[in-house]
Structures are given as C-alpha cells and as structure tokens.
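Participant: Pasting in a structure now, in structure tokens, and then I'll have a few things to ask.
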Amino acid sequence: MVVQALVFYLFAAVAVASGAMVITSRNPVHSVLFLILAFFNAAGLFVLMGAEFLAMILVVVYVGAVAVLFLFVVMMLDINFVELRQGFIRYVPVGAAIGLVLLAELLLITGAWTVAPGIPNTMGAVVPPAADVTNTHALGGLLYTRYVYLFQAAGLILLIAMIGAIVLTLRSREGVRRQSILVQNARRREDAVEVMKVTRGGGV
C-alpha cells in the first residue's frame, strides 16, 4: 500500500505539473508535448484504480491520435505567434469575467451538492462479484444502458466538430486541380475517346 500511495502521488504531481505547463508554455510545441505527458500520467492513475481499459483507450486515442495530430498541425501550420499575442492584453478583462462566472457556477454547484435520500437503500443491492465482471464489460454495460443517450449525443457532437473542422480548412486555391464527381459521372464516351481509322503505312 505504501508503494501504491507513492506511485499515486508521483503520477498525480506530474500530471498536475504537466497540465500547468500546457497553459503556461510559450512554445505551442512544448505545450503539446506536456499534454502528452499529462495523458500518460493520467493513464497511470487509471491503471492504479484497476481501470486498464480506460488507460489503454486514453493512450491509444488521445496520445496516439489527438495529441499527435495537434503536434503535427502546430508544427506544419505557418502561424505567426508574435502577431497572435499582440491583442492578448485587450481580451484579459473579458477572459477574467468569464473565469469568474465559471468559478461562481462551480462554487454554487459544490455548495448545493446533496446526497440523494435513496442512496442508502441501494447499498444492499445485489451486484455480481468484482472478479466475475471485467472492466470492459462493466463499462460497456453502463454506457450502453444507463448513459446510452448521452453517449450518442457525445458522438454526434464529435461528428459536428469534425464536419466543422473540414469546412473551416476547405479553401479554394488557384492552380490546384480538384476532382469533380459530377463532371466525371456526366462524361460520355464520345467526349473522351475518339476512334480514328489509320491507313496502312500512314500515321495519325
């Protein structure tokens, strides 16, 4: 238990420090690298909790896809970060006001938190032993039964975000040849192929 507690505090401290460095680093590439480090430490915390499936999903999806995508986008885009920081002071009051509103909402939610009166009655409910139910089975049973509508809503939000990202990055550039499916489907044989009769010993 002592070793587990030490590992927990180590992972937690590194995760919190990495999260702080994500928002304080001046270089966006360093921010993405600190974000990857925070994800790895969060995965270690999931392993300590016995949620190996969530740890694997966090590493595969967020580290292997999202964070790497952020890193490539930041490194490949030609962004003038000096120009972006020029109007930072102008938006500080608006950002501070939004932060205060969010802090007030969190305090109200935390202060009004109460335990449901029916919770003590459910403590003695019949549940299968933990050894008989795997982590993946328990998570899937919870997502696809009790939270199925929220799960579908989250997928819909991600789909809308993906479509929005495609629309925002889709730009028409001069000199770039694009594929037109309508033109290809409307193409006739006579428009593309010309049959010529070539005489013997002659050329086209």
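Only the coordinates and a few stated rules stand behind these numbers; no lab work does. As the structure is a prediction and not an experimental result, all values here were calculated from the model. Note that each Cβ is placed from the backbone with ideal geometry, even for glycine, and that neighbours are counted across all protein chains shown.
Participant: When you count, for each residue, the other Cβ atoms within 10 Å and take the mean per peptide, how do 44-57, 178-191 rank with the highest first?
Facilitator: Highest mean packing first, the order is 44-57, 178-191.
Participant: What does the highest-first list of 23-36, 4-17 look like by mean Cβ count within 10 Å?
Facilitator: Packing proxy ranking, top to bottom: 23-36, 4-17.
Participant: What percent does the relative contact order of the stretch 1-70 come to when contacts are Cα pairs within less than 8 Å and at least six residues apart?
Facilitator: Worked out over the stretch 1-70, it gives 29 percent.
Participant: Could you give me the ³J(HN,Hα) list for the stretch 31-47, computed from phi with Karplus coefficients 6.51, -1.76, 1.60 and θ = phi - 60°, whole Hz, x at Gly and Pro?
Facilitator: 4, 5, 5, 5, 5, 4, 4, 5, 5, 5, 5, 5, 5, x, 5, 5, 5
Participant: Relative to the present Cα-Cα distance, how much length would full extension add between T24 and Q152 at 0.36 nm per residue of separation?
Facilitator: 42.6 nm
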